[in-house]
2 protein chains.
Amino acid sequence: MQLFNPSAQSQLVEQAIEEKLAVLAQAFLHENLSTTDIDFEHLMERFSDSELPRAPFEFEQYFPSLAEDIVTHAVHTSSPRFIGHMTSALPYFVRPLAKLVTALNQNAVKVETAKSLSPCERQSLGRMHRLIYQYSTDFYKQHIHNHQSTLGILVSGGTVANITALWCARNNALGARGKFAGVEQEGLSAALSFYGYKGATIIGSNLMHYSFDKAADLLGIGSQNLIKIPVDDRNHIDLKLLHQAVLHCQSQRKLILAIIGIAGTTDAGGIDPLHDIASIARSAKTHFHVDAAWGDPLLFSRQHRHKLAGIEQADSVTIDGHKQMYLPMGIVMVFFRNPHLAKAIEKSASYTIRNGSLDLGKRSLEGSRPGMALFLHAALNLIGVEGYEFLIDEGLRKTQYMAERIRTMPEFELIAKPDINLLVYQYIPEPFRERATHKQLIKSDYCVISRFNERLQKVQRQVGRTFISRTVKSIRHFDQEVTIVALRAVLANPLTSETDIDAVLDDQLQIAARLEIETSLEGPVRVV
Amino acid sequence: MQLFNPSAQSQLVEQAIEEKLAVLAQAFLHENLSTTDIDFEHLMERFSDSELPRAPFEFEQYFPSLAEDIVTHAVHTSSPRFIGHMTSALPYFVRPLAKLVTALNQNAVKVETAKSLSPCERQSLGRMHRLIYQYSTDFYKQHIHNHQSTLGILVSGGTVANITALWCARNNALGARGKFAGVEQEGLSAALSFYGYKGATIIGSNLMHYSFDKAADLLGIGSQNLIKIPVDDRNHIDLKLLHQAVLHCQSQRKLILAIIGIAGTTDAGGIDPLHDIASIARSAKTHFHVDAAWGDPLLFSRQHRHKLAGIEQADSVTIDGHKQMYLPMGIVMVFFRNPHLAKAIEKSASYTIRNGSLDLGKRSLEGSRPGMALFLHAALNLIGVEGYEFLIDEGLRKTQYMAERIRTMPEFELIAKPDINLLVYQYIPEPFRERATHKQLIKSDYCVISRFNERLQKVQRQVGRTFISRTVKSIRHFDQEVTIVALRAVLANPLTSETDIDAVLDDQLQIAARLEIETSLEGPVRVV
């Protein structure tokens, strides 16, 4: 009971916990390492007891395991030298806000449990909608608080956002007509046969995020029917092949549920030609969804927003708050050009979500969810358009710096010219450098180089001083497709300086030199 | 940039923000009201500007709107007199922990961004799995950290949990066989036709949570094929009708994807006869899913765990952390009896989720998500089995108190004997009391009484001193089904005392008395 009571005494205890955890958090945030070098097997052993604790521990008893087992061996996603994934340092106001959000403990599903949070969420989504679609003030006056309209939905992750967009697309394409009650009611088999389709497809480039595989599976389309179009050497979808795929589906009487444009591929940051895809989608009369989870905040930048030209023609757009909007994990948005599109997924329940109400849960995949809108609302006010513009411009500037460094170093090779702030490159072991410079590598060389890069990344991760991720890319080698393992840098952390970038590359050089010696001692690397 | 830097100076600013917000949060938590009586139209006006702020605001400039527009008019879900929804006061350690979780900003999708959090999450899920299934220590030693095994998945909400369970069920029932690549690959139409089914269904009582409508829609089943079986007057599924429905589906060659048992219906807390449903599911060779979002923590109580007998036979179980486990919003679990069941939804991606790894995102609907496991880990240690047992027993004891109070008051009538800690009742306006006592109400009386109760609940909510929700129930009136609007109390807040319960009922009496006078001045209430 004492755990729940907001009495003066328990407030003191809460404060004591607060202070201990604040010290822990600050120490964590100051750390430059990307992670400790503990062996993962050892770490797992610390979490192996499967019995539930019977009697509760006092906080003092629990604290050491929290500090030593969990916090110490967490990943320093905010470290300026952790530049391998899309997590970054966060603005400091999010930490006190997190406590406030938890103290308020609103449930955003309905007005009865999230009164002020409901219009707050709708306003923040409306403002972001305007960033994309730039409709008039009157448009927003009409729709922002209209219970018939859904400008956007706040969800907990990018996958749910993409699924939601395609769910709306599916239910709209196969809606009720005459005696047919629609796919929502009658199911997918009945809907396809009523409309005379022989299956349904979703089309995008082969760099689509894996959430689209989940969406195709969940929605009953089947992941074989997620058509993945090859990309060019800039990681952009091949428009000619896209067009052919559309014609092929039509000739096969397959419903094209949606065409996907990517504004910032997860693996290399490529931005599809959105304007051209929009035209193709329009003439095919299909839904155009843009996955701008990573790239959308470029719209804040006068210098870079032109890269997203065409996004305003999208029927739906996904944006991850926890990426380049610098919000904590768990805040993602999906937007709709047509404020009535999301009616296709509307549900209600007698004890909670009511027709005609402003309940946010009426049109959303998720039900109960926290009042994360507060973070979005605060960030839009405390960072503002100018703050976001600065952050985006800086990230792209530092990417150019890193790309230049890589170009000048014989040890590295850039795989593709970056569209935005992701870089994909390879370390070239010494014996291959001469041939690499003269573009004379043969296919088996790529295998050896790839295995070396994979090992380099794993050792770098294990040592924990700095962090770069890795990915698998297809490149063209004469007339063949070659699959390579490459290193992948994400330049979004505002704390990352040129010095940090140099340090990451130096760390890789050091580790690679050691690996090269080990390898030469072991004899020639064999391809398995 | 200053917003991100962990410098001494910005640490001071963060601390200043922290203190201001802490004062705000404490004042909020001390408030006994359920909410302010502001007019909702006025509140919406405060959030009507659709322009993004260009220049960032200083925190001091932003603070007043945060305090006055948002926090002041949020709902006091932790108030001891807010006993209408499933949100409650939280133990105080969750607030400092929320800050720590945000400071760590781990991404639970993979080990590279959530090193210690990954085994921590698996351990916490393993412990909860053991609470349900009670397998041996050896079983857990074998599976808890085995990358082939999935004992449970941590998700952000109950809807995603239920969808995930049914997604696994669907993909297992319609898996790959011979030349057929399975529903995951080929889609639902192809799968049903390969297996020779004429459609698919999900069966449960008509009190299933509305997330099952979403699941049936999303998964391509169609919500018409979500078969809703009537319940008895205890809100339990009618087993005879369930059995008939199973036979009917079989005779129609419809695949029964899953049979649902509810352990705590959302509207009234009824617990289905799980053991009997398990037998029916077993003989129909179908997946048995238990939605124990609300009721599962009864397993912590020696006194009440027998009510869930049969849950250990479920193929999958949903538990909401944010309900009777007293965790913040955004923590829900789904468990699997068979540690390999979730392989049916496995996905991988070259840049992130890898086969053979312990990456938690391999088998989950969601991708990137926060390190919420920390809350679960902490709560299991700091509350413990004994703490949860106390909380559950107290909630049920207070429910009995409130039920007794209602039984002794002529103004109220209990609608059903409660299984656990939800109560559904009605206020009976004076002119109907005599007839109600003698069970002589006629159908039109119920209409008038329902309208009165709806109005009572709305006024009570608007006045904001106390809060009870409302629901729509079907009751039997002689041989007819009558639909009524009833009041709904949820007794889970540890801070709610007998005095608070009395205060809530008194508040309703006061408001009802005023409404009765208004009504009599207006003339007889008409049924519309």
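The values are calculated or read from the model by the stated rules, or taken from the named source; none is laboratory data. Keep in mind it's a predicted model, so treat the numbers as computed, not measured. Every residue, glycine among them, receives a Cβ derived from its backbone with ideal geometry; neighbour counts consider all protein chains shown. We work out accessible area using only protein heavy atoms, side chains counted, and drop any ligands, DNA or RNA first. Shrake-Rupley method; radii C 1.70, N 1.55, O 1.52, S 1.80 Å.
So which trypsin sites (Lys or Arg not before Pro) in segment A:370-468 are both in a DSSP loop and have at most 15 other Cβ atoms within 10 Å of their Cβ? Present the calculation step by step, with values, prior to reporting the outcome.
Details: sites: A:ARG397, A:LYS398, A:ARG405, A:ARG407, A:ARG433, A:ARG435, A:LYS439, A:LYS443, A:ARG451, A:ARG455, A:LYS458, A:ARG461, A:ARG465; in loops: A:LYS439, A:ARG465.
Here the sparse-neighbourhood loop sites are A:LYS439.
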statement: Quick note, segment B:178-275: a/c under 1.5 would make it rounded; otherwise a/b > b/c is prolate and the rest oblate (a ≥ b ≥ c, C-alpha gyration tensor); here it is prolate
- request: Treating the Cα atoms of segment A:292-443 as identical point scatterers in vacuum, please give the log10 of the normalised Debye intensity I(q)/I(0) at q = 0.09, 0.15, 0.16, 0.21 Å⁻¹, two decimals.
  value: -0.48, -0.93, -0.99, -1.31
- prompt: How about segment A:49-112: which GluC sites (Glu not before Pro) there are in a DSSP loop, with at most 12 other Cβ atoms within 10 Å of their Cβ?
  reply: A:GLU51, A:GLU58
Estimated translational D of segment A:238-330 in µm²/s (Stokes, Kirkwood radius over Cα pairs; 25 °C; 0.890 mPa s): 176 µm²/s
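Please compute the per residue accessible area over segment A:395-521 with all protein chains in place, 1.4 Å probe, rounded to a whole number of Å². Walk me through the intermediate numbers first.
On the way: 5440 Å² over 127 residues.
That works out to 43 Å² for each residue.
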- request: Please give the residues from segment A:174-202 for which the solvent-accessible area of heavy atoms, probe 1.4 Å, is smaller by at least 50 Å² with all protein chains in place than with the chain isolated.
  value: A:GLN185, A:SER189
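For chain A, what relative contact order do you get, as a whole percent, if you take Cα pairs closer than 8 Å and at least 6 residues apart?
Working: 880 pairs, mean separation 98.8, N = 528.
Over chain A, the number comes to 19 percent.
Give the B-A buried accessible area in Å², both sides summed, 1.4 Å probe, nearest 100. If you can, show how the numbers build up before the last one.
On the way: alone 25990 and 26010 Å², together 37200 Å².
Approximately 14800 Å² gets buried when B meets A.
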task: Express in % the proportion of alpha carbon pairs of segment A:48-147 at distances exceeding 15 Å.
output: 79 percent
- request: Would you kindly work out the equivalent ellipsoid of the protein assembly as shown from its C-alpha gyration tensor and give its semi-axes, the square roots of five times the eigenvalues, largest first in whole Å?
  value: 47, 33, 29
message: To make sure I understand the rule: partners must be lysines, Cα under 17 Å from the Cα of B:LYS240, and not fewer than 8 residues away in the same chain. Which ones qualify?
response: B:LYS228
query: In chain A, with Lys and Arg counted as +1 and Asp and Glu as -1 at Cβ, which of these residues, A:ALA268, A:ILE17, A:ALA258, has the Cα nearest the positive end of the dipole, that is, farthest along it?
result: A:ALA258
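With the Cα gyration tensor of segment A:73-120 in hand, convert its eigenvalues to equivalent ellipsoid semi-axes via √(5λ) and list them largest first in whole Å. Could the numbers behind the result be given before it?
Numbers: eigenvalues 197, 25, 20 Å².
Each semi-axis is √(5λ); the values are 31, 11, 10 Å.
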- line: Taking the label point 7 Å from Cα along the Cα-Cβ vector, the copy-to-copy distances for B:ASN5, listed from shortest in nm with one decimal, are 4.6
- line: The rounded separation in angstrom of the Cα centers of segment A:119-193 and segment A:239-261 is 23 Å
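Report, as an integer, the average count of C-beta atoms from other chains found within 10 Å of each Cβ along A:468-476. List each step's numbers first, then the result.
On the way: counts 0, 5, 4, 4, 3, 2, 0, 0, 0.
Averaged over the peptide's residues, the number is 2.
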- request: Indicate the gyration tensor shape class of segment A:107-158 (rounded, prolate or oblate), computed on the Cα atoms with a ≥ b ≥ c the square roots of the eigenvalues: a/c under 1.5 is rounded; otherwise a/b larger than b/c is prolate and the rest oblate.
  value: oblate
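Can you give the local net charge around B:GLY361? Use residues other than it whose beta-carbon is closer than 9 angstrom to its beta-carbon, Lys and Arg +1, Asp and Glu -1.
On the way: positive: B:LYS110, B:LYS347, B:LYS362, B:ARG363, B:ARG369; negative: B:ASP359, B:GLU366.
Net local charge, B:GLY361 excluded: +3.
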message: Can you compute the equivalent ellipsoid semi-axes for segment B:297-380, i.e. the square root of 5 times each eigenvalue of the Cα gyration tensor, sorted largest first and rounded to whole Å?
response: 28, 18, 9
query: segment B:15-52 to segment A:91-110: how many Å between their Cα centroids?
result: 12 Å
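Tell me, what is a quarter of the convex hull surface for the C-alpha atoms of segment B:104-386, in nm² with one decimal? Please report the intermediate quantities before stating the final value.
Numbers: hull surface 59.9 nm².
That works out to 15.0 nm², a quarter of the Cα hull's surface.
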message: Over the Cα atoms of segment A:8-103, what radius of gyration and what Dmax do you get, in Å?
response: 15.8, 45
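From other protein chains only, count the Cβ atoms within 10 Å of every residue's Cβ in B:11-21, then give the mean. Numbers along the way, then the final one.
Values: counts 5, 0, 2, 8, 4, 1, 7, 9, 1, 2, 8.
Average per residue, whole number: 4.
Give the average, rounded to an integer, of partner chain Cβ atoms located within 10 angstrom of each Cβ in A:140-150. It would help to have the intermediate numbers written out before the result.
Details: counts 4, 3, 0, 1, 5, 7, 0, 0, 0, 0, 0.
That average works out to 2.
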message: Within 10 Å of each candidate Cβ there may be at most 15 other Cβ atoms; applying that plus a DSSP loop requirement, which trypsin sites (Lys or Arg not before Pro) in segment B:1-87 survive?
response: B:ARG54
query: So which residue of A has the beta-carbon closest to the axis that swings A onto B, and how many whole Å away?
result: A:GLY220, 1
- request: Would you mind checking the radius of gyration and Dmax of segment A:395-521 based on alpha-carbon positions, in Å?
  value: 14.2, 42
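Would you mind checking the pairs A:LYS20/B:LYS398; A:LYS285/A:LYS443; A:LYS343/B:LYS254 and listing those with alpha carbons more than 32 angstrom apart? Mind dumping the intermediate values first?
On the way: A:LYS20/B:LYS398 36 Å; A:LYS285/A:LYS443 43 Å; A:LYS343/B:LYS254 29 Å.
Beyond 32 Å: A:LYS20/B:LYS398; A:LYS285/A:LYS443.
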- line: dims of segment A:89-178, Cα set, principal axes, largest to smallest, nearest Å -> 53, 32, 31
query: What 222 nm value per residue comes from the helices of chain B, counting each DSSP H run with n ≥ 4 as -39,500 (n - 2.57) and dividing by all residues, nearest 500 deg cm²/dmol?
result: -13000 deg cm²/dmol
query: Does segment B:409-469 come out rounded, prolate or oblate, given a ≥ b ≥ c as the square roots of the eigenvalues of its C-alpha gyration tensor, rounded meaning a/c under 1.5 and, failing that, prolate meaning a/b above b/c?
result: oblate
- prompt: Just how far, in whole angstrom, is segment A:451-506 from segment B:462-515 if you go by their alpha carbon centroids?
  reply: 60 Å
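Report, in cubic angstrom per residue, the convex hull volume of the C-alpha atoms of chain A.
Once divided by residue count, the hull of chain A is 191 Å³.
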